[in-house]
Amino acid sequence: MRTTAVSTLVACKERLPISAIMHRLFIAIRPPAEIRARLLSLMGGVAGARWQDDNQLHLTLRFVGETGPHQANDLASALGSVRFAPFAVSLSGLGRFERKGRIDTLWAGVQPREPLAQLHRKVDRACVNAGFPSDERVYLPHITLARFGRSAGSIDSFFTHNAGLSSPTFLVDNFILFESHLTQNGAHYDVAAVYTGGA
């Protein structure tokens with residue numbers, strides 16, 4: 001079942017220049033408030049880290065990118081065909097991504113991975129049905145905690161204190177189509193549509 005959170009993605013933008021009506025989209029799971037609070041409580045103690053705020057905490061299922069208004073609405077419709085049974089997951093450990101030999105991203109892991117991977121594959125098929133290329137990257141479910149520039153400090157102490165990160169289980173019973181807006185304070189995410197699972 002699909003619940004639309006905003007009327008449409010096109011919404012009265014016909015008179016704007018083409019660049020102004022592009023939508024930067026991604027599909028993700030929004031952790032519940034108590035899980036976000038757990039993650040926010042960890043943040044700090046690493047010089048130069050760009051910590052995520054509450055609005056930015058999510059578990060990506062599929063990044064879409066810059067999309068025109070008509071294809072954006074095709075995608076919103078295609079995602080309504082995704083069917084899945086709700087399932088439970090929990091936070092599990094920390095990880096990092098590196099770029100050119102330096103740490104680029106710090107993230108929290110989520111387990112079990114398989115139901116998330118199954119939902120990712122269903123969402124990816126819906127994207128393909130809406131005209132987007134398939135996502136060929138290996139899917140690793142995670143929640144980004146911080147990003148780092150070249151001047152960031154060491155995260156060794158952070159890892160030592162938080163490597164055993166865990167949480168109570170939480171239910172995944174919906175996923176969200178988000179629109180990302182870049183601001184002076186970083187990215188801000190607005191809900192475009194919510195898609196609810198069922199038995």
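The values are calculated or read from the model by the stated rules, or taken from the named source; none is laboratory data. Every value quoted in this text rests on a predicted model; they were computed, and no experiment measured them. Backbone-built Cβ (ideal geometry, glycine too); neighbour counts: all protein chains shown.
Points worth noting:
- Only one entry in F97, F148 is under 24 Å from D54 (Cβ atoms), of a type in the set (F, W, Y) and surrounded by fewer than 19 Cβ atoms within 10 Å (Cβ to Cβ), namely F97.
- Annotation note: of S41, S77, S92, the sole residue that is surrounded by 13 or more Cβ atoms within 10 Å (Cβ to Cβ) and more than 30 Å from P133 (Cα to Cα) is S92.
- In the set (1) assigned to a helix (DSSP H, G or I); (2) of a type in the set (A, V, I, L, M); (3) under 17 Å from the mean Cα position of the chain (by Cα), the condition left unmet by A78 is number (3).
- One residue alone among A85, A117 is farther than 25 Å from H188 by Cα, of a type in the set (G, A, S) and in contact with a Pro (Cβ under 8 Å, 6 or more places away or on another chain), and that residue is A117.
- Residues within the range 52-66 that are under 12 Å from L39 (Cα atoms) and in contact with a helix residue (DSSP H, G or I) (Cβ under 9 Å, 6 or more places away or on another chain), tallied: 4
- Residue match in the range 4-14 (condition: under 18 Å from the mean Cα position of the chain (by Cα), crowded, with 18+ Cβ neighbours inside 10 Å and either under 20 Å from F132 (Cβ atoms) or modelled with pLDDT of 95 or more (or both)): no
- Test: residue in the range 163-173 that is over 19 Å from the mean Cα position of the chain (by Cα) and modelled with pLDDT under 90: yes
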